[in-house]
Each structure stands twice: as C-alpha cells, then as structure tokens.
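Single-structure report; data block below.
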Amino acid sequence: MVQPTDTQSLILWVGTALMALGTVAFIAMGWGEKNERKQEFYIITIFITAIASVSYFSMATGYGLIEVPVGGETLDIYWARYADWLFTTPLLLLDIALLAGADRNTIATLVGLDVAMILTGLAGALARSSALNRMLWWGISTAFMIAVLFFLVRTLSGQAARKSSAVAATFSKLRTMILVLWSLYPVVWVLGTESTIGALTLTQETIAFAILDVTAKVGFGFVLLRSRDALEDASTSA
Ligand code: RET
C-alpha cells in the first residue's frame, strides 16, 4: 500500500484544517439567516468546503491515494480529488449561477459540461494503457473546461448584467476567480505526476492543488458570502 510522504501528509492535513475552518466560518456567517433564498447560498457554500475537508482527510491518511501502473512505471494518484471535484465544482457553478439569476437550462448545461470535465479527467488519471492515452483524456477534459468557461463568460455574464450593480460587482469578482484558478488545474495536472512529463514532483503538485483548492473554495466562499447586498438583491428580484 502506497502512503503519502510526511511532507505530503502535512500539506494535506493543513488543507483538511483550512477546509474545516472555512466550513465552520460559513456556518457562523449564515447562522440566523431567515430568508430561504439567501440560505441557499450558505447551504451550497458550506457543503463545498465540508466535502473538501473530508476529501483532504482521506488523502492525508492515505486512503485517497492509489498506485496506477502505466507502461512499466507506477504513478501515485490521489483519486479522492476527483470525488471531491465531482460534487464541489457543480456546487461552485450553482452558487455563481444563482447569483446571476441563471435559468434552469443554463444551469443544467454548465453542470453537465462540468461533470463531463471531471469524469474524463478521472479517466485520464486512472488510465493504464499508455501515457498517450492519458494525455488524450486530458485533452477531452480540457475541452469540456473551455466550454464551461465559455458559458460562464457568454451566457451567465449576460444574465448577471440584468441584475443590480451589487450583484454585477460580486459576479465579476467570482467569475475572474473561476477563470484564473480553474484554468490552472489542467496545467498542474499536465506538469505533475498524472502525465509522464513529470516537471513537478508529487509533493510540489500536492502544494499547488492545495493552494488552488483552498482559494477556489474558501476564498470564493468568503467573497460571495460577505457580499451581503449582492445576496440580498439576488434573493429578492425574480
Ligand atoms: C482535471 C484533469 C485534467 C484536465 C482538466 C481538469 C480540470 C479540473 C478543474 C478542477 C477544479 C477544481 C476546483 C476545486 C475547488 O476546490 C480534472 C485536473 C481540465 C477545473 C475548482
């Protein structure tokens, strides 16, 4: 059984703690909120960090790590990341879509493309056939990500522009965070141990994903939930 190194385990425990602290902070921020539509934002955001803290716990303790043999080499793969992202990335999109006042079709399209992105990324991470095959899955997953980001910029921005200036300002911050942070995931993947390029060690990759995950979840949650006016406007207008 492969286990995380001490350094990796330490980083992953720090990740677990930060995600758990974020969860507690978001629960505290939403405590006493009576408006059901505003509660939606708190509930979604609390689940995002709660799921991530469990995933980080599974990685820190070694359960979330497996060995994948590829062409005579053995890659150490943290599969638990994908279980986390499968649920949390749709929830992040749901948060920003509700803020923008998106219609059901837009939300369904975004979530569908996003789930396809994570599942094809998982296929690439677990593929044993060849390094090339893994890279092809990476390409498919990246294509789905580009489609998600495209929808975010085209369709959602148009819908958010019809809302109040407070909503528009928060939307634009969150959209920038998603555009920048999400785009870095495929870069870390391809530079890291998932591909056979191996420019990053598994420890460096673990640090990079931890920084991205904490910013894209806890940072994102704070920006959203502290924008009280935007939440108010998003919950009152139709
Ligand atoms: C993978 C596989 C390789 C190709 C692409 C990927 C994209 C991952 C993304 C993950 C976002 C995660 C977030 C987590 C929050 O904590 C799966 C690495 C495109 C965009 C926002």
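The values are calculated or read from the model by the stated rules, or taken from the named source; none is laboratory data. Just so it is clear, the structure is predicted and the values come from calculations on it, not from any experiment. Virtual Cβ from ideal backbone geometry, glycine too; neighbours counted across all protein chains shown. Each accessible area value is taken on the protein alone, full model and side chains, heavy atoms only, with ligands, DNA and RNA left out. Shrake-Rupley method; radii C 1.70, N 1.55, O 1.52, S 1.80 Å.
Couple of notes before you dig in:
- Residue match in region 98-112 (condition: among the hydroxyl-bearing types (S, T, Y) and part of a loop (DSSP other than H, G, I, E, B)): no
- Consider region 28-47 and keep the residues that are open to solvent by 40 Å² or more (accessible area, probe 1.4 Å) and of a type in the set (K, R). The one that is farthest from L92 (Cα to Cα) is K34.
- Within region 1-57, the residues that satisfy the criterion of being touching a residue at least 12 places away in the same chain (Cβ under 8 Å) and aromatic (F, W, Y) are W13, F26, F41, Y42, F47, Y56, F57.
- Residue pairs meeting the criteria (Cβ under 6 Å; at least 6 apart or on separate chains; first over 17 Å from V111 (Cβ atoms), in region 148-160; second of a type outside the set (V, I, T)): A160/A100; A160/A168; A160/F171
- Filtered by the rule that a residue be in a helix (DSSP H, G or I), more than 15 Å from the ligand (Cβ to nearest atom) and open to solvent by less than 50 Å² (accessible area, probe 1.4 Å), region 127-168 gives T155, L156, S157, G158, Q159, A160, A166, V167, A168.
- Condition met for L91 (open to solvent by 10 Å² or more (accessible area, probe 1.4 Å) and either more than 9 Å from the ligand (Cβ to nearest atom) or within 17 Å of the chain's Cα centre (by Cα) (or both)): yes
- Selection from region 185-200 of residues that are assigned to a helix (DSSP H, G or I) and near the ligand (Cβ under 8 Å from one of its atoms): Y185, P186, V188, W189, V190
- Scope region 48-60; condition touching a Phe, Trp or Tyr at 6+ places or on another chain (Cβ under 9 Å) and open to solvent by 40 Å² or more (accessible area, probe 1.4 Å); matching residues: I51, F57
- Checking each residue in region 178-209 for being among the hydrophobic types (A, V, I, L, M, F, W, C) and either open to solvent by less than 40 Å² (accessible area, probe 1.4 Å) or in contact (Cβ under 8 Å) with a residue 60 or more places away in the chain (or both) picks out I178, L181, W182, V188, W189, V190, L202, I207, A208, F209.
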